[in-house]
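This report refers to the structure that appears directly beneath it.
The values are calculated or read from the model by the stated rules, or taken from the named source; none is laboratory data. Because the structure is predicted, anything quoted here is derived from the model rather than measured. Cβ placement follows ideal geometry from the backbone for every residue including glycine, while neighbour counts extend to all protein chains displayed. In case anyone asks, the SASA skips ligands and DNA or RNA and just uses the protein heavy atoms, side chains included. Shrake-Rupley method; radii C 1.70, N 1.55, O 1.52, S 1.80 Å.
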Amino acid sequence: MADPALSLASQPEGSTGVLVLADGSVAWGRGFGAVGEAVGEVCFNTAMTGYQEVMTDPSYASQIVTFTFPHIGNVGTNAEDMESHGVPGAVGCVVREDVTAPANFRAQGTFQQWMERQGRIGLAGIDTRALTRRIRLSGAPNAVIAHNPEGQFDLEALLEKARAWQGLEGLDLARVVSREAREEWQGSVWHLGEGYTRPEGTGRPHVVAMDFGAKDNIFRNLVKAGADVTVVPAQTGFDEIMALKPAGVFLSNGPGDPAATGAYAVPVIQQLLAADMPIFGICLGHQMLGLAAGAKTTKMNQGHRGANHPVKRNEDGVVEITSMNHGFAVDNAPGSLPENVIETHVSLFDGSNCGIAITGKKAFGVQYHPEASPGPQDSFYLFEKFVSMLG
């Protein structure tokens, strides 16, 4: 049933943007950024900072991000805070307040201009608390976000488009956002006034990273932890990976349904496990590592997206504050995990799985994002742990 807080009988004067949910709910607002329409799943993100990193995270492909923090865009945009280049991220965003002029010494442009250049649609003036409550109670809905400066919309057509879209379940988006060619990664982490520095030293262990929609900061942190990184496309086969003589293999984050991407990735991961290759997976990579070990994944009601998610480390009870972005999870219901899969981390919000290790193998994964950007850096130790396994 449509939420009355999101349904209006007629279009308010001055409305240049609209969000039409597949259940018939309509939210009117003021459009900004690109003109047009886009279909996707509506989710919400609770981070107070890092909107540019969020919008360029390939894991948000085919999603419309509702920012719960009301002031989005107030520090502008710049060339250094991109998490990907030339691949789809979020198709649009929904915000409470109109975007103001940037007030930050690093700003190189406005959020509105950046959204327009990136071809992404923004919608301001929305009751984001009501929309977030709708998602929490009823799950993440399919919807169309649209922007027309003249305020002209065909609601019937937009509703039909929202209802016709298949949604993320069963959808393989990794092959859409993955790079098409092998890349020798250059550059380490960012420093104020210096930008992204180059790696130092020689004889560093070689990591092959499978790109299912990776954030660039993951590769930067692998370099910071002491590795050299070669990034390969999502559909790279076992023999191609082994020909690169890796000391370890990294499985990246990414969008879509892990079961769909796993149709071609899981057999490769199983071969890597059989070869006793050290493996580290994040987010989608973590889920596919679980599938390769015999676990199952499940679609979550609302997902976890934000920069303040508490996760307990089962080994010692330490709580890490983490950055998250996922709508699927490894199923950790009683009896669901195979005997060879150890649950290493759990969410303190809902008890969902946030980490696994494979018995007898140098293979582990976490559901959250230890590379942050945006978010806390409590979990950088995981990169050091992985690199220490490589000899």
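Remarks
- Paramagnetic label zone (point 7 Å from Cα along Cα-to-C-beta, ALA130; backbone N under 20 Å) in segment 20-38: 20-32
- Once the Cα gyration tensor of the chain is diagonalised, semi-axes √(5λ) in Å: 36, 23, 18
- Estimated vicinal HN-Hα couplings, Hz - segment 187-203 in sequence order (Karplus 6.51, -1.76, 1.60; Gly, Pro = x): x, 10, 6, 8, 10, 4, x, 10, x, 8, 7, 8, x, 10, x, 10, x
- Among beta bridges that DSSP assigns inside the chain, antiparallel share in %, nearest 5: 60
- FRET efficiency estimate (nearest 0.05) - Cβ-Cβ, GLN152 to HIS191, R0 45 angstrom: 0.40
- Estimated FRET transfer efficiency when R0 is 22 angstrom, pair GLN271-ASN340 (beta carbons, to 0.05): 0.85
- Our analysis of segment 319-391 gives Rg over Rh at 0.97, with the two radii drawn from alpha carbon positions and Rh computed by the Kirkwood formula.
- Once both labels are positioned 7 Å from their Cα atoms along Cα-to-Cβ, the gap between MET48 and ARG106 label points is 1.7 nm.
- Area projected by the alpha carbon convex hull of segment 192-237, averaged over all directions, nm²: 3.9
- Mean Kyte hydropathy of -0.5 or more with a Cα span along the axis of at least 18 Å, helices from DSSP in the chain: 258-274
- Rounded to the nearest Hz, the phi-derived 3J(HN,Hα) couplings of segment 323-329 under the Karplus curve 6.51 cos²θ - 1.76 cosθ + 1.60 (θ = phi - 60°) are 9, 9, 7, 7, x, 10, 8, where x marks glycine and proline.
- Kirkwood-type hydrodynamic radius, segment 188-283: 14.1 Å, calculated from all non-identical alpha-carbon pairs.
- The label-point distance for ARG313 and ASN74, in a model that sets each label 7 Å from Cα toward Cβ, rounds to 3.4 nm.
- Between segment 257-291 and segment 86-160, the Cα center-to-center distance that results, in Å: 33
- Per residue, the chain exposes 41 Å² of solvent-accessible protein surface, assessed with a 1.4 angstrom probe and all protein chains in place.
- Solvent-accessible area assigned to carbon and sulfur over segment 140-295 amounts to 46 percent, based on a 1.4 Å probe.
- Based on C-alpha pairs under 8 angstrom that are at least 6 apart in sequence, the chain has a relative contact order of 15 percent.
- DSSP assigns beta bridges within segment 247-374; of those with both partners inside it, close to 75 percent run antiparallel.
- Long-range amide H partners of VAL75 with built H, under 5 Å: ALA103
- Under a Gaussian network description of the chain, with springs only between Cα atoms under 10 Å, the residue in GLY203, GLY29, GLY40 that fluctuates furthest is GLY203.
- Potential lengthening between ARG117 and SER10 on full extension [0.36 nm per residue; Cα-Cα distance subtracted]: 35.4 nm
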